[in-house]
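Enquirer: My questions all concern the structure below.
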Amino acid sequence: MPKYIFVAGGVMSSIGKGVATASIGKILEGKGFKVTAVKNDPYINVDAGTMNPVEHGEVFVTDDGTESDQDLGNYERFLDENLGSVNYATTGRVYLSVIERERNLEYNGRCVEVVPDIPNEVIRRIKAAGKKSRADFVLIEIGGTVGEYQNMLFLEAARMLKLQNPKDVLFILMGYLPIPEMVGEMKTKPTQNAVKMLNGAGIQPDIILGRSSQPLDEPRKRKISTFCNVDPKDVISATDAKSIYEVPLNYERENLSSRILSKFRMRPRKNNFKEWEKLIDTIHNATKPVKIGIIGKYFESGKFTLMDSYISVIESIKHAAWHYDRKPEITWLSAENYEENPKNLEELKEYDGIIIPGGFGSRGVEGKIKAIEYVRTNKIPFLGLCLGMQLATIEFARHACGLDKATSREFNPKTEQPVIDVMDEQKALINEKKFGGTMRLGAYDCELAVGTRAFEIYGNQKLISERHRHRYELNNDYRKTLEDCGLIMSGVNPEKNLVEIIELKNHPFFMASQFHPEFKSRPLRPHPLFREFIRCAAKQ
């Protein structure tokens, strides 16, 4: 029987429940236990695939093709474990499962009710996640904030599981403690109110994480202890950190793992944080910068620049930079600036490397194509991801192969030169507006050509597996023309004969992948493509 730890948040969203959940998992892993994590998202959406990334953040894709919340990415990066569909549940997904079971007569004709049948389905999924990974601990993050109607059924599932297994369930609440500038004092009342709302759902937190810009002092811990009915030792300071990867060690300094294990009457099996401590030393001490520009489309929101849309790309850059004891400096660049005024392309020389990540739609693509031409001809290291590979192919077709009208069927359905297109079996589905069946999602094999840079970067492996999330492909009708002009197809999916990686010779680094390598990068194991890209960029 695994132990279950629920993590809920109070006061407001975006205070770091996902990082907290991943960090708790990391410190328990460091104590010798097998850990897995589950995200319960309150949205009616069946998955995160249809959500606007500017509003909701990155859509993270697992090996089995699940389009999930970005928190699963943090779980994978901290725990170094591949998760899947069983680790992600939305309200919509849970209801859909119950309705499908009811339609299949799996409830034996009885009345199916919101309670207890929906919470029981949530519990079934949580237990399935633990069973699949053979975990000692299952961490369950409840999305949203306590007091919201949307996540009440997930809280009810937590309450019911505690009732069924009182010795095997623990509740952790992350509360926010603001320090209003005009007051100059840390206030505990928001966290007190969050605990009261959690009590209203029938749950008493065992541990409270106090999220604030400064460490909690003893008077604040005692106050929370008194008014929230927890031991002062169970009030843990969750202070702002320079890097999210510091959070596990910050928790350890507060003895969080000891408090958790003592409540379950368990002892640590080991105590190993050496590699993680070395990583934090590098993060703190790396001073020589590597300057990377990202030309994306999902980061502009009014006057604000939002980074959550590309969080896996950002983290992958960091992982690779730290691998070489470099300090990553990341700048967001607007493709529209290059469309309006090509002279703005000169700013690209200020960067050691340029990345164009994934995305959908035609906005900004001509500016990105101009940028790719610039970095190709000016020998600036370039890494294209998904859409970035498609645009690199279009740019090369236009300016190296003389295909002036080359583009993607996505941008111009009537194009005469669709160097990027959909497969024949996808076209009928698109015409019927069945877009869900036209995506390549999850892990697919890629066969690397011996002697290519990609083959060398992956350690001379012949066959690799990478994660995908896209609809359009490099059109094989143009493949020979592109190759004759010097574009190297160094990675190909062997089942469908689809190009996965392109590269160029006589360039410091010019590579692009149809897959998303950022989904498999880890802080202690940077992805090979990012690692080589940063190595070459650092030389600049």
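Only the coordinates and a few stated rules stand behind these numbers; no lab work does. In this text, all values refer to a predicted model and were calculated from it rather than measured experimentally. Methodologically, a virtual Cβ is constructed for each residue, glycine included, from the backbone with ideal geometry; neighbour enumeration extends over all protein chains shown.
Enquirer: Which value, in debye to the nearest 20, gives the size of the charge dipole of the chain about its Cα centre, when Lys and Arg are +1 and Asp and Glu are -1 at the Cβ?
Expert: With Lys and Arg at +1 and Asp and Glu at -1, about 1760 debye.
Enquirer: Pairs 242/270; 167/278; 17/233; 187/327; 39/278: which are spaced more than 31 Å apart, C-alpha to C-alpha?
Expert: Too far apart for the 31 Å limit: 167/278; 187/327.
Enquirer: Kirkwood Rh, the range 3-278, all Cα pairs: how many Å?
Expert: Evaluated over the range 3-278, this radius sits at 19.1 Å.
Enquirer: At 20 °C and a viscosity of 1.002 mPa s, what translational diffusion coefficient does Stokes-Einstein give for the range 351-390, taking Rh as the Kirkwood radius over Cα pairs? Give it in µm²/s as a whole number.
Expert: The diffusion coefficient I find is 208 µm²/s.
Enquirer: Give me the extension gain from residue 100 to residue 329: residue separation times 0.36 nm, minus the current Cα-Cα distance, reported in nm with one decimal.
Expert: Length gained, residue 100 through residue 329: 77.6 nm.
Enquirer: Right, something else. Looking at 172, 207, 195, which one has the Cα that reaches farthest to the positive end of the dipole of the range 135-210 (charges on Cβ: Lys, Arg +1; Asp, Glu -1)?
Expert: The residue sitting most towards the positive pole is 195.
Enquirer: Relative contact order for the chain: what is it in percent, counting Cα pairs under 8 Å that are at least 6 residues apart?
Expert: Dividing the mean separation by the residue count of the chain yields 15 percent.
Enquirer: Where in the range 466-496 does the amide nitrogen come within less than 14 Å of the point 7 Å from the Cα of residue 445, taken along Cα to Cβ?
Expert: 466, 492-496
Enquirer: Still on this structure, please answer the following. Which whole DSSP H helices in the chain pass both tests: a Cα extent of 24 Å or more along the axis and a mean Kyte-Doolittle value no lower than -1.0?
Expert: Those that pass (Cα extent of 24 Å or more, hydropathy at least -1.0) are 114-133.
Enquirer: Let me ask you something else. Give, rounded to the nearest 20 debye, the magnitude of the charge dipole that the range 242-370 has about its Cα centre when Lys and Arg contribute +1 at Cβ and Asp and Glu contribute -1 at Cβ.
Expert: With only Lys, Arg, Asp and Glu charged at Cβ, the dipole is about 920 debye.
Enquirer: Summarise the long-distance tail of P(r) for the chain by giving the % of C-alpha pairs beyond 44 Å.
Expert: Tail of P(r) above 44 Å: 21 percent of Cα pairs.
Enquirer: If packing is taken as the average count of other Cβ atoms within 10 Å, what order do 207-214, 351-358, 269-276 fall into, highest mean first?
Expert: Result, highest mean first: 351-358, 207-214, 269-276.
Enquirer: Taking the alpha-carbon centroid of each part, what is the distance from the range 490-540 to the range 323-366 in angstrom?
Expert: Between the Cα centre of the range 490-540 and that of the range 323-366, the gap is 17 Å.
Enquirer: Here's another thing I want to ask about it. Label-point separation (nm) for residue 497 and residue 525, each offset 7 Å from Cα along Cα-to-Cβ?
Expert: Calculated label separation equals 3.4 nm.
Enquirer: Quick test of your reading: applying the under-4.7 Å Cβ rule, which cysteines of the chain are isolated?
Expert: 111, 228, 386, 446, 536
Enquirer: Among 400, 249, 419, which residue has its Cα furthest toward the positive end of the charge dipole of the chain, with +1 on Lys/Arg Cβ and -1 on Asp/Glu Cβ?
Expert: The listed residue farthest towards the positive side: 249.
Enquirer: Moving on to the next point. Roughly how many debye, to the nearest 20, is the charge dipole of the range 3-278 about its Cα centre, given +1 on each Lys and Arg Cβ, -1 on each Asp and Glu Cβ, and no other charges?
Expert: That gives the range 3-278 a dipole magnitude of about 1340 debye.
Enquirer: Just to be sure I understand the model, the point goes 7 Å from the Cα along the line to the Cβ. What's the resulting residue 400 to residue 199 distance in nm?
Expert: Result: 6.7 nm between the two label points.
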